[in-house]
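Take a look at the structure set out below.
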Amino acid sequence: MSYRRRLSAERRLLRSPPAKPLIVLSSNHKTGTSINLPVINCKPTRRCAAACYACVGPISWGNSIRKALAVDAVLRSGELEGLIWECRRLRDVRLNGSGDMTLEHVPALLELAQECPGTVLWGFTRRRQVAEAVNGKRRNLSLIVSFDTTSPAGELDGYDGPLAFGPRRPRDRVPDDRRIVTVFPEHRIGHTMRGVPFHPKDCPATRGAQRLMACARCRRCWRPFLAMGHKL
Ligand code: SF4
């Protein structure tokens, strides 16, 4: 499925009333559990849209898209009881397992982190403003800003938070930037695209068999400010 087709499917489904998901979290081979959102919230670069992981496999099937739209409605409405109950039982939850958040999701994120003090909420966003709105507000909540070689020049000027570089293709050079905590070679089902050179900050979950539950072993993105040398 292309990014454009996924976007059209979400827009079509949005015309019917949102379902109420019985279970809000989704399972994920790499991260354990995640909050999966629709791509209607995304602000993708050319590289990101071309590699979109939400357009491949079970996460792109109709039921997953319906669930992502329903979870999005839950966060926007602020009716978080079910989500809080699920998250409290877990050590960590990945945000934006698919899709992205906007500034409208920030109040729900802050409340979720406050109500689940024993759970680390972590993830990635393409929206610098969302990361700046949540980072430093709760001890157990952080977002890393993703960018790639097709991101607009100057987009990250003055931003002093953690970064993820990718999806990376064979000719993409990783900038020498202390803010980068992880690099994502473009990958499919945990296998790196042929020809992408190794980088010392590569995410271990992109290297074949190492991907299963890789985040629980690595945890670099759980405390990204520590990973880039800050103390929060
Ligand atoms: S760098 Fe580590 S914590 Fe971050 S996504 Fe990859 S495996 Fe998970």
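The values are calculated or read from the model by the stated rules, or taken from the named source; none is laboratory data. Please read all numbers here as calculations on a predicted model, not as lab measurements. Cβ sites come from the backbone with ideal geometry, for glycine too, and all protein chains shown count toward neighbours.
Condition check: in a strand (DSSP E or B), polar (S, T, N, Q) and surrounded by 15 or more Cβ atoms within 10 Å (Cβ to Cβ). Does residue 151 satisfy that?
Spelling it out, it is not the case that residue 151 is in a strand (DSSP E or B), polar (S, T, N, Q) and surrounded by 15 or more Cβ atoms within 10 Å (Cβ to Cβ).
Taking only the range 162-171 into account, find how many residues are touching a residue at least 60 places away in the same chain (Cβ under 8 Å) and surrounded by fewer than 21 Cβ atoms within 10 Å (Cβ to Cβ).
1
Inside the range 154-165, can you point out the residues that are in contact with a strand residue (DSSP E or B) (Cβ under 9 Å, 6 or more places away or on another chain) and either within 10 Å of the ligand (Cβ to nearest atom) or part of a loop (DSSP other than H, G, I, E, B) (or both)?
Hits for the range 154-165 are 155, 156, 159, 161, 162, 164.
Out of everything in the range 193-207 that is of a type in the set (Lys, Arg) and in a loop (DSSP other than H, G, I, E, B), what residue ends up being nearest to the ligand (Cβ to nearest atom)?
So the residue we want is 201.
With respect to residue 108, is the statement that it is hydrophobic (A, V, I, L, M, F, W, C) and within 15 Å of residue 37 (Cβ to Cβ) true?
Yes; evaluated as a whole, the condition is true for this residue.
Conditions: (1) surrounded by 18 or more Cβ atoms within 10 Å (Cβ to Cβ); (2) in a loop (DSSP other than H, G, I, E, B). Residue 59 meets all but one. Number of the miss?
Status for residue 59: all satisfied but (2).
Before we move on, is residue 32 of a type outside the set (A, V, I, L, M) and within 14 Å of the chain's Cα centre (by Cα)?
Here the answer is yes, as residue 32 does meet what is asked.
Which numbered condition trips up residue 179, out of (1) within 16 Å of the ligand (Cβ to nearest atom); (2) closer than 28 Å to residue 58 by Cβ; (3) not β-branched (Val, Ile, Thr)?
Looking at each condition in turn, residue 179 falls short on (2).
Is it the case that the range 148-171 has a residue that's at pLDDT 95 or above, touching a Leu at 6+ places or on another chain (Cβ under 7 Å) and not hydrophobic (A, V, I, L, M, F, W, C)?
No, there is no match, as no residue in the range 148-171 is at pLDDT 95 or above, touching a Leu at 6+ places or on another chain (Cβ under 7 Å) and not hydrophobic (A, V, I, L, M, F, W, C).
Could you say whether any residue in the range 208-231 is outside any loop (DSSP other than H, G, I, E, B), more than 13 Å from the ligand (Cβ to nearest atom) and crowded, with 16+ Cβ neighbours inside 10 Å?
Yes, that holds for at least one residue.
State the number of residues belonging to the range 77-110 that are farther than 25 Å from residue 221 by Cα and either basic (Lys, Arg) or in a loop (DSSP other than H, G, I, E, B) (or both).
2
Going by the conditions given, is residue 127 at pLDDT 95 or above, over 24 Å from residue 55 (Cβ atoms), away from the ligand (no atom under 13 Å from the Cβ) and of a type in the set (D, E, K, R)? Outline the logic, then answer.
Numbers: at pLDDT 95 or above: yes; over 24 Å from residue 55 (Cβ atoms): no; away from the ligand (no atom under 13 Å from the Cβ): yes; of a type in the set (D, E, K, R): yes.
Criteria not met by residue 127.
Just to be sure I understand the filter: pairs with C-beta atoms under 7 Å, separated by 6 or more residues or on different chains, first member in the range 189-207 and at positive phi, second member within 14 Å of the ligand (Cβ to nearest atom) and not in a loop (DSSP other than H, G, I, E, B). Which pairs pass?
190/205; 190/206; 190/208; 190/211
Restricting the range 71-99 to residues that are surrounded by fewer than 18 Cβ atoms within 10 Å (Cβ to Cβ) and hydrophobic (A, V, I, L, M, F, W, C), which is nearest to residue 15 (Cα to Cα)?
Residue satisfying both the conditions and the ranking: 73.
Quick check on my filter: what residues within the range 182-192 are surrounded by 15 or more Cβ atoms within 10 Å (Cβ to Cβ) and either away from the ligand (no atom under 12 Å from the Cβ) or farther than 18 Å from residue 56 by Cα (or both)?
182, 183, 186, 192
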